[in-house]
Amino acid sequence: MAGLIPQGFIDDLLGRTDVVEVVGSRVKLKKTGKNYSALCPFHNEKSPSFSVSPDKQFYYCFGCGAGGNAIGFLMDFERLDFPQAVEELARQAGVDVPREERSDRRGQRPSRQDSPLYPVLENAAAYYRQQLRKHAQRKRAVDYLQQRGLTGQIAKTYDLGFAPPGWDNLMNHLATDNTERKVLIEAGLVVENPDSGKRYDRFRDRIVFPIRDSRGRVIGFGGRVLGDDKPKYLNSPETPVFHKGRELYGLYEARRQNRQLEDILVVEGYMDVIALAQHGVTNAVATLGTATSEEHLKRLFRIVNNVVFCFDGDNAGRQAAWRALQSCLPALEDGRHVRFMFLPEGHDPDSLIRSEGHDAFRARMLQQAQPLTDYLFRHLAEEAPPDSLEGKAHLATLALPLIEQVPGNLLRRLLRQSLEQRTGMDLDSLPAAPAEPVSAPPSEYDNVAWDGYERHYDETPDWTSQPAVTRPSRSQRQPQRQRDTSAVENPVMSATRTLLHHPHLAGLAKQASQLANEDDEEAQLLIALIDTLQKNPQLSTIELLARWHGTALGDQLNRLAEKEWLLNIPSANLEQQFFDTINTLMARQTDRQIQHLLDKSAQTPLNTEEKQQLRELLNSRHTPTAGN
């Protein structure tokens, strides 16, 4: 396996790359003052909100929130993974990408993209794929796929595979020793019985659906049983690289098949996604055995502004729709749209699109799906019919806490006005209802010879004679009304953002290393940034973000950077605020040390060294320490 790309090379590559050239070669840019603007390539818009800063070497869209450096742009625009984007930039710069072996030195944490589970999961996907082509019992799997009307092309697009019957086929194929078997267990591919210690393949006698992350890496699998085993569908367990509450099946494939997605259809299962794609609806995704979460919605709204949920019209489907609505509310910024499409009785997405065709299905999705706001009041009115004073009061009691979770100011105001019209109440005269967090509980081909399946899979002709019919905020939002935080921003986070945009300040904060034992998470983020910059004073903003790309720290820094990527802010006041914050943190730590010694002296007399330390601490408490 190829080694890691040295961080120093990535820093140097970004230093010699002009983000304006990278973006401008793919998007038509127009000079606007110091920056360049364009129509955003990641969402539909009529007026430009996409801006590229040559000074800060960043792009940012004020419409959908897309932003990053040259590497991030290539990853999103060209649908490349991180190493591929680095390779492409290196090719343009005329340099070769060096590789180095992973270091196991203590204190170095591999980023998520370096997890050893990725190649194991990719090898498993290749194995399952091969079994669908060559295994002696593959016909059962192929017959099932044929009966569902799928073609070789769609199987290739979604990388379908077959886990053959047997307890240890995959384990014997991929593992030669106990260490490798343990990796398979960690990847969720092999199960170990806690009582007997016996190990066996998790997926057996099933159609296998690889689940990919946004970069196309296999992170887990779903399996559909071919026999009578239970459960009918089985997912990989939670692993270091697979988290069901964040991932969506088919999202990677939807982005690959659509240069520009206008909306995304959320359905309930793998086969729904694939069957719709077979008939030309290539924008469907599915949750992975869990209810739709706020994290899912954040990912979807990062890509599109329109999300349509597709549920069965029965009671279970409507319960699932209501849970989805509750998850949507905290993500409803102004300009975002959510609709609910309920299927006719007896139909699933596969049968419905077969019955009425691609065009009618799309028309149903676009024209007949209920807006979230209509569904919200319709659902609540079933419990609290507003045909009496008591019913109106009950409706307001139910609706207000939900409405207050909506962060979009205009939408929230319109919802309150709609509630006023339905109840006849003047809501502005009432105190705002407290917003309570809402937790969403988890909730077949003609009989033909198949010896030539390998050729079909690779060359992708149809398996049957039937032709196939032809992104905004990333910030963590609490489920309550969001207020303008510019006037009450946490000073520690403000200092961190200042340092991110003015890295040279770290060299002036000479005594900040004394804060190493600060236990506040936000302070730890600031201290980590100071420590890195003091050891690497040449790093720029863009290099800092690239250095932590793909890590939790990197995500935090990106969220901070987004706020001011393209703003020209005078640095004098920011620098003073930065040093004031450092001094405040140091004073806070000094106070804790003083209090510790005073508490100790109340129990036992201090020794000479401790008395001297207390005197020095008391003296230093009144002496400025940073930026002087």
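The values are calculated or read from the model by the stated rules, or taken from the named source; none is laboratory data. Computed from a prediction, not measured in an experiment: that's the story for all the values here. Cβ: placed from backbone, ideal geometry, glycine included. Neighbour counts: every protein chain shown.
Taking the conditions exactly as written (modelled with pLDDT of 90 or more and basic (Lys, Arg)), does ARG336 satisfy them or not?
No: the conditions fail for ARG336.
Of the helices (runs of 4 or more DSSP H) entirely within the stretch 226-338, those holding at least 2 residues that are not assigned by TED's automatic domain parsing to the domain that holds GLY161 occupy 315-328.
Do we have ARG339 as under 16 Å from GLU262 (Cα atoms) and out of contact with any His (no Cβ under 9 Å at 6 or more places or on another chain) here? So ARG339 passes the test. Within the stretch 232-256, the residues that satisfy the criterion of being over 28 Å from VAL183 (Cβ atoms) and either at pLDDT 90 or above or surrounded by 14 or more Cβ atoms within 10 Å (Cβ to Cβ) (or both) are ALA254, ARG255.
Taking the stretch 284-296 as the range and being more than 16 Å from the chain's Cα centre (by Cα) and surrounded by 24 or more Cβ atoms within 10 Å (Cβ to Cβ) as the test, only ALA284 passes.
Just to check your reading of the model, which residue among ASP272, ASP229 is surrounded by fewer than 22 Cβ atoms within 10 Å (Cβ to Cβ), at negative phi and not polar (S, T, N, Q)? Lay out the reasoning, then the answer.
On the way: ASP272 fails: surrounded by fewer than 22 Cβ atoms within 10 Å (Cβ to Cβ).
The match here is ASP229.
Taking every residue in the stretch 315-329 that is farther than 13 Å from HIS379 by Cβ and pairing it with any residue that is crowded, with 17+ Cβ neighbours inside 10 Å and acidic (Asp, Glu), at least 6 positions away or on another chain, the pairs with Cβ-Cβ distances below 6 Å are SER327/GLU294. Six or more apart or on different chains, Cβ under 7 Å: which pairs go from a residue in the stretch 602-618 that's under 16 Å from ARG592 (Cα atoms) to one that's assigned to a helix (DSSP H, G or I)? Could you list them? What qualifies is GLU610/LEU597; GLN613/LEU597; LEU614/ILE594; LEU614/LEU597; LEU617/THR590; LEU617/GLN593; LEU617/ILE594; LEU618/ILE594.
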